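Input: a single structure, listed below in structure tokens.
The values are calculated or read from the model by the stated rules, or taken from the named source; none is laboratory data. These numbers come from a predicted model, not from an experiment. Here Cβ is always computed from backbone atoms with ideal geometry, including for glycine, and neighbour counts include all displayed protein chains.
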Ligand code: GGG
């Protein structure tokens, strides 16, 4: 039968991490399993530690066992890392975020895709005017293994001076810019490269690389913007954006800003891809203020699961089914509290696992 021919066996590693990571990946996994059953696939699962929970259990933010399991998996469904106890402790030797950065470096995950998908049902709950938002559809490519995140860090002996080296190599810029050009070709054929080339040498290299590659993609219209102008345009005219490619730091900041176009950080999914197993995770962090309360929005994890199906497994119909389910629950008026408004009736206001059941 068609089902027997298309059946796929895949192994998925779930890495919940810290805070609300466990709550939201539980729903992401539930959605993956529902898809496996509906489409006749066989998914197997394992779990591993990262971040604060890993430090507590093993002393390392990314234990060797976790990395080994990641390499062996067909895809990773990731939650979040972070813990407030490190925020005001500059002397901490190991931090949860190191697990995330080390994972990206070890797996060669240099391209972070962050689609800004605005579901029509959330138009009115945004603080941006609907006429400015409607039709916005952006795909960010955030570089993930370079920049100040990985450049040398120093602190003077008397601890009064600190530096983080902003560094890019040509090959690092080239490989992500190529991915962004290829993606632009499949969309509205517009690419915006974001840098700070009026001030930063690493940005001048970035811009040179984009300019050198541009003639290879004559069908793509290229625009260069400084990060400050791009941040302003994103709110003023989000429809102007199609594919955006930028460095690690600028991409981190710009996509948090862009989450307000989608209505909430709780709606934004991401895919980290490169040389090895793809990692799929919400763009949000561990959110300890709401951890354990059962109110976190699981839709970013669910939409990350859709990206996993599409990108790592090539399951387009399955990914579309997940997005259609999200669309359907929103159309029926169901909301978690981050995307609710004054008009949301009490019986439509759902917690994390209830939203999973609704899906
Ligand atoms: N799920 C994303 C996450 O856990 N973010 C927390 C964090 O530390 N992010 C740093 C980064 O994305 O570079």
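Yes or no, residue by residue, for (1) within 23 Å of the chain's Cα centre (by Cα); (2) more than 16 Å from residue 111 (Cα to Cα); (3) in the same structural domain as residue 254 (by TED's automatic domain parsing); (4) outside any helix (DSSP H, G or I):
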| residue | (1), (2), (3), (4) |
| --- | --- |
| 158 | no, yes, yes, yes |
| 167 | yes, yes, yes, yes |
| 174 | yes, no, yes, no |
| 204 | no, yes, yes, no |
| 212 | no, yes, yes, no |
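Taking the condition of being crowded, with 21+ Cβ neighbours inside 10 Å and either assigned to a strand (DSSP E or B) or more than 14 Å from the ligand (Cβ to nearest atom) (or both), how many residues in segment 265-276 meet it?
Restricting attention to segment 265-276, the residues satisfying the condition of being crowded, with 21+ Cβ neighbours inside 10 Å are 266-273.
When the remaining residues are screened for being either assigned to a strand (DSSP E or B) or more than 14 Å from the ligand (Cβ to nearest atom) (or both), the result is 269-273.
Residues flagged as crowded, with 21+ Cβ neighbours inside 10 Å and either assigned to a strand (DSSP E or B) or more than 14 Å from the ligand (Cβ to nearest atom) (or both) within segment 265-276 amount to 5.
Would you say residue 289 is within 16 Å of the ligand (Cβ to nearest atom), surrounded by fewer than 21 Cβ atoms within 10 Å (Cβ to Cβ) and more than 17 Å from the chain's Cα centre (by Cα)? Before you say what the answer is, go through the steps one by one.
Values: within 16 Å of the ligand (Cβ to nearest atom): yes; surrounded by fewer than 21 Cβ atoms within 10 Å (Cβ to Cβ): yes; more than 17 Å from the chain's Cα centre (by Cα): yes.
Taking the combined requirement at face value, the residue satisfies it.
Pairs linking a residue in segment 319-335 that is in the same structural domain as residue 304 (by TED's automatic domain parsing) to a residue that is at pLDDT below 95 and assigned to a helix (DSSP H, G or I), with Cβ atoms under 6 Å and 6 or more positions apart or on different chains, are 330/121; 331/121.
Here residue 143 meets the list (1) within 16 Å of the ligand (Cβ to nearest atom); (2) more than 27 Å from residue 81 (Cα to Cα) almost entirely, failing just condition (2).
With the requirement that a residue be in contact with a strand residue (DSSP E or B) (Cβ under 6 Å, 6 or more places away or on another chain), within 14 Å of the ligand (Cβ to nearest atom) and not in a strand (DSSP E or B), what does segment 55-83 give you? Before you say what the answer is, go through the steps one by one.
From segment 55-83, those in contact with a strand residue (DSSP E or B) (Cβ under 6 Å, 6 or more places away or on another chain) are 69-70, 73-81; that's our starting set.
Going one step further and asking which of them are within 14 Å of the ligand (Cβ to nearest atom), we end up with 76-81.
Correct list: 81 only.
In segment 84-125, the residue that is nearest to the ligand (Cβ to nearest atom) out of those that are under 21 Å from residue 287 (Cα atoms) and in a loop (DSSP other than H, G, I, E, B) is 95.
Looking at 110, 86, just one residue is touching a strand residue (DSSP E or B) at 6+ places or on another chain (Cβ under 8 Å) and outside the structural domain of residue 176 (by TED's automatic domain parsing), and that residue is 110.
Looking at segment 136-176, which of its residues are within 30 Å of residue 91 (Cα to Cα), free of Cβ contacts under 8 Å to residues at least 40 places away in the same chain and surrounded by 12 or more Cβ atoms within 10 Å (Cβ to Cβ)?
Initial filter on segment 136-176 (within 30 Å of residue 91 (Cα to Cα)): 142-168.
Narrowing further to those that are free of Cβ contacts under 8 Å to residues at least 40 places away in the same chain: 151-165, 167.
If the condition is that a residue be within 30 Å of residue 91 (Cα to Cα), free of Cβ contacts under 8 Å to residues at least 40 places away in the same chain and surrounded by 12 or more Cβ atoms within 10 Å (Cβ to Cβ), then 151, 163, 164, 165, 167 are the ones that fit.
Evaluation of residue 284 against the conditions (1) within 14 Å of the ligand (Cβ to nearest atom); (2) in contact with a helix residue (DSSP H, G or I) (Cβ under 8 Å, 6 or more places away or on another chain); (3) at positive phi shows that the sole unmet condition is (3).
Residues in segment 312-345 that are within 29 Å of residue 8 (Cβ to Cβ) and assigned to a loop (DSSP other than H, G, I, E, B): 313, 314, 315.
Residue count for segment 5-34, restricted to those that are part of a helix (DSSP H, G or I) and crowded, with 22+ Cβ neighbours inside 10 Å: 8.
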